[in-house]
C-alpha cells in the first residue's frame, strides 16, 4: 500500500500498487472504527492481499484483506519509516500511469522488506540506489558508460538530464559537474542488490541525486521529493 487518506467519518481512501493492475485506488469503509473488521491490516508500507469490488465509482471497494507482510518493524524506527514512505512516493509518482510494471512492484517490496529487517539501511545511499533501480524499471536508465551526446568514453566530467546521462568535456554545455565518486556510486548501485548498495560522501551522493532527479524530470515529467540523509 502506497498511502492512505482519511475520508468521511470512518473511511479511508487507499492508493495501492499491484503487480497486475499497476496503481489503483480503493475505499475501505469503516476502517477507522475501533471494531473495524480490517483491524490494523490496511497500513501504508504494508503488503496485503485484498478482495476488491468494482462498482460504479472509479474507486474499488475493499471487501476483504489478508496480510502478506505488515512491515511493522520499520514503523518503530523514524528513519526507516521515512525511507519507506519516500520509496512509496517515488513509485506513486513514476508509475502512476495505470499500467502494470511488475519489476517496479517487486523492487518496492524488496526495499520495504529490507528496511523492515534492517532499519539501519535507511540511509541516503539506500534511497538513491532504490531510485536508480526505479529509473531502470521505468526504462529511463541513465547512460553512464560513455558520453550520452557523442559516445566518448574518456573525460566524463558532467551529467545532463536532457541528454540522459554523463557527458564529456566537449559536450558539457548545459550539464552540471559530476565527480568521479558520484559516477562510481551510480554505476555501483545499479550493479549491486539493494542490500549491497555502495556508499559515498554526502557531496557525491547529492550529485547523484541531482542526476536522478533531472533524469526523471526531463524524460518522465516527474518531480521526485528530495531524499533525506
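Taking a cut-off of 17 Å, what percent of all Cα-Cα pairs in the stretch 3-72 are separated by more than that? Spell out each step's value before the answer.
Working: 891 of 2415 pairs.
Summing the P(r) tail past 17 Å for the stretch 3-72 gives 37 percent.
Compute the acute angle (0 to 90°) between the alpha-carbon long axis of helix 102-117 and the principal axis of greatest extent of the alpha-carbon atoms of the chain; round to the nearest 10°.
In the chain, helix 102-117 runs at an angle near 80 degrees to the longest axis.
In which sequence would 229, 36, 4, 160 go, from the one with the fewest C-beta neighbours within 10 Å to the one with the most?
Starting with the residue having the fewest Cβ neighbours, the order is 229, 36, 4, 160.
What does the highest-first list of 8-17, 145-154 look like by mean Cβ count within 10 Å? Intermediate results must be reported in sequence, preceding the final value.
Working: 8-17: 17.4, 145-154: 15.1.
Descending mean neighbour count gives 8-17, 145-154.
With everything on Cα atoms, drop me the angle between helix 180-191 and the longest principal axis of the chain, reported from 0 to 90° to the nearest 10.
Rounded to the nearest ten degrees, it is 50.
If I take every Cα pair under 8 Å that is 6 or more residues apart in the stretch 3-72, average their sequence separation and divide by the length, what percent do I get for the relative contact order?
On the way: 130 pairs, mean separation 18.4, N = 70.
Result for the stretch 3-72 is 26 percent.
Over 20 Å, how big is the tail of the calculated P(r) for the stretch 113-229, in percent of all Cα pairs?
Details: 2540 of 6786 pairs.
Percent of Cα pairs beyond 20 Å in the stretch 113-229: 37.
What number, in percent, do you get for the relative contact order of the chain if the mean sequence gap of Cα pairs under 8 Å and at least 6 apart is divided by its residue count?
Numbers: 426 pairs, mean separation 35.3, N = 229.
The value is 15 percent.
Each reported figure results from applying straightforward, stated rules to the coordinates on display, with no laboratory input. Computed from a prediction, not measured in an experiment: that's the story for all the values here. Neighbour counts run over all protein chains shown; Cβ positions are idealised from the backbone, glycine included.
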